[in-house]
1. What angle, in degrees between 0 and 90 and rounded to the nearest 10, separates the Cα long axis of helix 123-136 from the longest principal axis of the Cα atoms of the chain?
2. Once each part is reduced to its C-alpha centroid, what is the distance from the range 20-35 to the range 224-238 in angstrom?
3. Looking at the square roots a ≥ b ≥ c of the eigenvalues of the Cα gyration tensor of the range 159-219, which shape do they give, rounded for a/c under 1.5, prolate if a/b is larger than b/c, or oblate?
4. Where is the GNM fluctuation largest for the chain (alpha-carbon springs, 10 angstrom cutoff): 106, 249, 282?
5. Round to the nearest 10 and give me the degree value, 0 to 90, for the angle of helix 241-257's Cα axis relative to the longest principal axis of the chain.
6. Take every Cα pair under 8 Å in the chain that's 6+ residues apart, average their separations, divide by the length, and report that relative contact order as a whole percent.
7. Calculate log10 I(q)/I(0) of the chain for q = 0.08, 0.13, 0.15, 0.16 Å⁻¹, where I(q) comes from the Debye formula with a single equal point scatterer on each Cα and nothing for solvent.
8. Looking at the square roots a ≥ b ≥ c of the eigenvalues of the Cα gyration tensor of the range 52-168, which shape do they give, rounded for a/c under 1.5, prolate if a/b is larger than b/c, or oblate?
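Only the coordinates and a few stated rules stand behind these numbers; no lab work does. The structure presented is a predicted model; accordingly, all values stated were derived computationally and were not measured. Using ideal geometry, Cβ is built from the backbone for each residue, glycine included, and neighbour counts are taken over all protein chains shown.
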């Protein structure tokens with residue numbers, strides 16, 4: 001039902017664009033199309049945002065222009081094109097500085113900038129943008145729920161898992177009141193991550209399963225990918241290695257088909273950890289090296305450092321084994 005409704009929305013928006021109105025109604029339709037396709041076809045989503053950039057007047061249509069810039073920041077970063085992402089980040093910031101009384105575009109820019117730095121692993125640099133948005137937005141609506149979700153994610157990345165869970169639960173409560181299924185699916189995913197990091201794997205699995213069910217209902221291909229990886233991580237920790245391996249193989253194939261390089265690098269790292277646990281050091285090394293190559297292209301210092309650390313650990317294990325063989 002949800003997938004059918006989404007298809008009807010897309011059809012209606014495309015009909016508006018086909019009229020070539022060259023006005024704010026068309027710009028709004030293009031932005032909504034970019035949002036609709038952002039989780040299943042990034043190339044199409046990017047095309048719609050770039051069309052807004054080409055059409056919008058920077059003086060009278062700044063609201064739509066900055067929204068397109070912010071979408072492009074995220075999409076280019078996801079594709080591993082950091083120079084393009086930084087370019088749109090800079091010109092979006094410039095427009096915000098030229099329109100300081102426009103709280104809405106500042107709010108949207110803060111969201112995009114905070115996410116950009118968070119994805120680079122620069123969490124302290126991301127924090128001011130998230131906190132600023134919580135101050136800016138007073139209403140208890142979807143924006144407020146989204147900022148609580150973002151704050152929880154930031155706490156998570158800073159290793160403050162209980163604070164993260166508290167923020168995620170507050171966000172979930174708001175999304176449930178608002179009957180926003182997509183927001184709920186994000187919160188369930190994040191709560192799964194929180195309890196996974198607290199080593200409460202059974203609880204994490206339940207939250208991931210609830211997230212997966214909602215994402216399947218919504219037809220959220222990218223979200224399904226994320227949760228598939230997460231369930232693989234749970235199975236790995238529960239020593240259900242065959243289930244974990246199947247999830248990772250499915251996830252890496254999906255990431256490649258969707259050209260999601262960030263996710264591919266992280267899945268390869270997780271696969272390497274599983275190989276290591278199964279004492280297949282050769283395959284583990286191969287996957288860690290692949291992860292490092294992709295992470296370097298992306299500027300993802302966190303995943304790169306983790307994979308390099310694991311390679312050093314493998315070297316130590318293999319050296320110790322050689323010494324033991326010599327001693328015998």
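1. 30 degrees
2. Here the two parts' Cα centres lie 37 Å apart.
3. On the way: a/c = 2.79, a/b = 1.33, b/c = 2.10.
In terms of gyration-tensor shape, oblate.
4. In the Gaussian network model the winner is 282.
5. That helix lies at roughly 40 degrees to the long axis.
6. Values: 422 pairs, mean separation 36.8, N = 328.
About 11 percent, as a whole number.
7. -0.41, -1.04, -1.37, -1.54
8. oblate
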